[in-house]
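A.B. asks: Here it is, the structure, as structure tokens.
Laboratory data are not the source of any read-out in this text; all were calculated from the coordinates shown. Since this is a predicted model, take the numbers as computed values, not measurements. Every residue, glycine as well, gets a Cβ built from its backbone with ideal geometry; the counts of neighbours run over all protein chains shown.
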Amino acid sequence: MRVILADDHPDVRSAMRLIIEEKPDVEVVGEVSTSSDLLSQIRSNCPDLVLLDWELPGTRSADLVSLLHALCSHLAVIALSSSPQVKQAALNAGAHEFVCKSDPPESLLIALDHCYQHNSG
């Protein structure tokens, strides 16, 4: 599974990379810190999955998810936020999964597995 990490904090991207690279079938193909950089990466890479910081600078995240799906129809999106109250908005916008940044790392791995099953099923 090819993944792009989208978060404006380098330390968060590094932590996500460490967690998801534990899985042998995952390859991080890009890291971005803004929505415009994310859209550019999606155009050139069309990955299987984006780990999307719901507060990513630039385009409003609810609109961004629609743009991402328009560019890459098979793309799965895991929305991430430190605000658990945005979960429903993220799912309503088209995110496949939601993980709160304060959740244990296993939560991200579970969401990743769900998206992998979605893409391969």
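A.B. asks: Give all pairs with beta carbons closer than 6 Å in which a residue from the stretch 58-76 that is touching a residue at least 12 places away in the same chain (Cβ under 8 Å) meets a residue that is of a type in the set (A, V, I, L, M) and in a helix (DSSP H, G or I); count only pairs at least 6 apart in sequence or on separate chains.
C.D. replies: Matching pairs, first to second residue: LEU68/ILE42; LEU71/ILE42; CYS72/ILE42; LEU75/LEU68.
A.B. asks: Which numbered condition in (1) acidic (Asp, Glu); (2) surrounded by 13 or more Cβ atoms within 10 Å (Cβ to Cβ); (3) not in a strand (DSSP E or B) is the only one that GLU106 fails?
C.D. replies: (2)
A.B. asks: Since ASP48 meets every condition but one in (1) out of contact with any Pro (no Cβ under 8 Å at 6 or more places or on another chain); (2) free of Cβ contacts under 8 Å to residues at least 60 places away in the same chain, which condition does it not meet?
C.D. replies: (2)
A.B. asks: So for the stretch 54-76 (the condition being touching a His at 6+ places or on another chain (Cβ under 7 Å), among the aliphatic types (A, V, I, L, M) and within 15 Å of LEU109 (Cα to Cα)), does at least one residue qualify? So that I can check it myself, show each step before the final result.
C.D. replies: As a first pass, look at the stretch 54-76 and keep what is touching a His at 6+ places or on another chain (Cβ under 7 Å): 75-76.
Right, trim to among the aliphatic types (A, V, I, L, M) and you get 75-76.
Narrowing further to those that are within 15 Å of LEU109 (Cα to Cα): 76.
For the stretch 54-76, residues touching a His at 6+ places or on another chain (Cβ under 7 Å), among the aliphatic types (A, V, I, L, M) and within 15 Å of LEU109 (Cα to Cα): present.
A.B. asks: Could you identify the single residue in LEU68, LEU38, LEU80, LEU56 that is of a type in the set (A, V, I, L, M), assigned to a strand (DSSP E or B) and surrounded by 21 or more Cβ atoms within 10 Å (Cβ to Cβ)?
C.D. replies: Values: LEU68 fails: assigned to a strand (DSSP E or B); LEU38 fails: assigned to a strand (DSSP E or B); LEU56 fails: assigned to a strand (DSSP E or B).
Unique residue meeting the criteria: LEU80.
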